[in-house]
Amino acid sequence: MSYSKLLSVGAVVLALGGCMSFPAGPAGPAGPQGATGATGYTGAKGSTGYTGATGNTGDTGATGNTGNTGATGGTGATGDTGATGYTGATGSTGATGSTGAKGNTGAKGTTVGETVVIVPAR
């Protein structure tokens, strides 16, 4: 029997089985296994996008020139030390002069009222 006929008979049995109720009979033998359908094709894998190009590295700037070092000046000559002069002789101390004689003190005058006393100098 073909599959379509089996399906038709199965549909009729189910339809009539809903209208009638009979006691369940013994299980029948298993039917043949149906054919497996063909597997569909797997879709094609998409291409990987391109990686962008790497940019160029910039140029390195030039290094400036180093200036020249100036010449070191020579050391001047050291002058001679002058001769040390002699110390002059110390002069003698002059003689001490004599002290003059002490003068006498004049006499003391007396005061009387408004009298003026004149004492002559010696």
Please go through region 28-43 and give me each residue that is open to solvent by less than 100 Å² (accessible area, probe 1.4 Å) and either under 32 Å from the mean Cα position of the chain (by Cα) or more than 30 Å from LEU7 (Cα to Cα) (or both), ordered by number. GLY43
Looking at (1) surrounded by fewer than 10 Cβ atoms within 10 Å (Cβ to Cβ); (2) farther than 30 Å from ARG122 by Cβ, which is the only condition VAL9 fails? (1)
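Listed here are the residues, each with its yes/no results for (1) touching a Ser or Thr at 6+ places or on another chain (Cβ under 6 Å); (2) part of a loop (DSSP other than H, G, I, E, B); (3) modelled with pLDDT under 85; (4) open to solvent by 100 Å² or more (accessible area, probe 1.4 Å).
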| residue | (1), (2), (3), (4) |
| --- | --- |
| ALA15 | no, no, yes, no |
| PRO26 | no, yes, no, yes |
| GLY58 | no, yes, no, no |
| GLY64 | no, yes, yes, no |
| GLY76 | no, yes, no, no |
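The values are calculated or read from the model by the stated rules, or taken from the named source; none is laboratory data. All values reported here derive from a predicted model rather than from experimental measurement. Cβ atoms come from the backbone with ideal geometry, glycine included; neighbour counts cover every protein chain shown. In case anyone asks, the SASA skips ligands and DNA or RNA and just uses the protein heavy atoms, side chains included. Shrake-Rupley method; radii C 1.70, N 1.55, O 1.52, S 1.80 Å.
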